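Visitor: Can you read through this structure? Questions will come right after.
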Amino acid sequence: MPLPHLSKHMALLKILHYPDPRLHIVAKPVDKVDDHIRKLAADMAETMYAAPGIGLAATQVDHHIQLLLVDVSENKDQLMTFINPQIVEADGETVYEEGCLSVPGIFEEVTRAERIKVRALNLSGESFELEADGLLAICIQHEIDHLKGKVFVEYLSRLKQDRIKQKLAKRAREAM
């Protein structure tokens with residue numbers, strides 16, 4: 001849900017790129033859901049949609065708190081915010097080709113739980129539970145990994161990780 005009173009002050013945030021060591025910082029739980037958290041969530045939403053992406057964790061924008069956003073809808077109008085998210089149930093197994101705003105242009109297959117139940121707080125600070133499957137479940141698990149300091153490519157072999165680092169370093173040099 002857009003926050004009209006914040007919209008004119010929203011800002012695009014800088015997304016950290018792998019292998020930035022800050023992507024490995026474990027996020028701390030949010031003590032209090034206040035206007036500061038809501039403003040960060042609004043900025044993250046604008047950043048995610050502009051990127052464009054379907055999920056963004058606070059870790060990726062160098063804020064090391066347990067906050068993530070997901071919107072897997074076609075029309076980009078079903079933004080979900082999860083504060084202090086925890087997976088309380090996980091079931092099944094699925095393989096999906098994932099990408100990440102912190103690892104631009106890289107897509108690799110990752111195995112994850114097929115169905116999850118997640119418990120979190122919303123932007124009003126109220127607790128909720130959500131059962132998810134398909135892309136939504138994959139996206140939530142991917143973003144929770146960020147909060148734990150893990151990037152999806154770390155599920156891959158060391159060789160693949162090294163190749164990805166080389167490819168990203170080369171791209172960064174060419175962009176200068």
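The values are calculated or read from the model by the stated rules, or taken from the named source; none is laboratory data. Computed from a predicted model, the values in this text were never measured in an experiment. Ideal geometry is used to build each Cβ from the backbone, glycine not excepted, and the neighbour counts take in all protein chains shown.
Visitor: What are the residue pairs meeting all of these: first residue in the range 140-165, first residue free of Cβ contacts under 8 Å to residues at least 12 places away in the same chain, second residue of a type in the set (Val, Ile, Thr), Cβ atoms under 7 Å, and 6 or more apart or on different chains?
Guide: GLN161/VAL153
Visitor: Same structure, new question: What's the number of the condition ALA137 fails, among (1) within 16 Å of the chain's Cα centre (by Cα); (2) surrounded by fewer than 16 Cβ atoms within 10 Å (Cβ to Cβ)?
Guide: (2)
Visitor: Could you tell me whether any residue of the range 151-173 is at pLDDT 95 or above and touching a Leu at 6+ places or on another chain (Cβ under 6 Å)?
Guide: Yes, that holds for at least one residue.
Visitor: Which count do you get for residues in the range 31-49 that are farther than 23 Å from GLN78 by Cα and in contact (Cβ under 8 Å) with a residue 60 or more places away in the chain?
Guide: So the answer is 1.
Visitor: Please find, within the range 1-36, the residue that is modelled with the lowest pLDDT out of those that are surrounded by fewer than 18 Cβ atoms within 10 Å (Cβ to Cβ) and part of a helix (DSSP H, G or I).
Guide: For the range 1-36, the residue satisfying everything is SER7.
Visitor: If you don't mind, another one. Looking at this structure, is LEU159 loosely packed, with under 13 Cβ neighbours inside 10 Å and not charged (D, E, K, R)?
Guide: Yes; evaluated as a whole, the condition is true for this residue.
Visitor: Let me spell it out: the conditions are (1) closer than 21 Å to SER124 by Cα; (2) free of Cβ contacts under 8 Å to residues at least 12 places away in the same chain; (3) polar (S, T, N, Q), and GLN66 meets all of them except one. Which number is the exception?
Guide: (2)
Visitor: OK, next. Looking at GLN161, GLN141, GLN86, which one is closer than 25 Å to ASP35 by Cβ, polar (S, T, N, Q) and not in a loop (DSSP other than H, G, I, E, B)?
Guide: Just a single option satisfies the conditions, and that option is GLN86.
Visitor: Does LYS39 qualify as being at pLDDT below 95 and outside any loop (DSSP other than H, G, I, E, B)?
Guide: In short, no.
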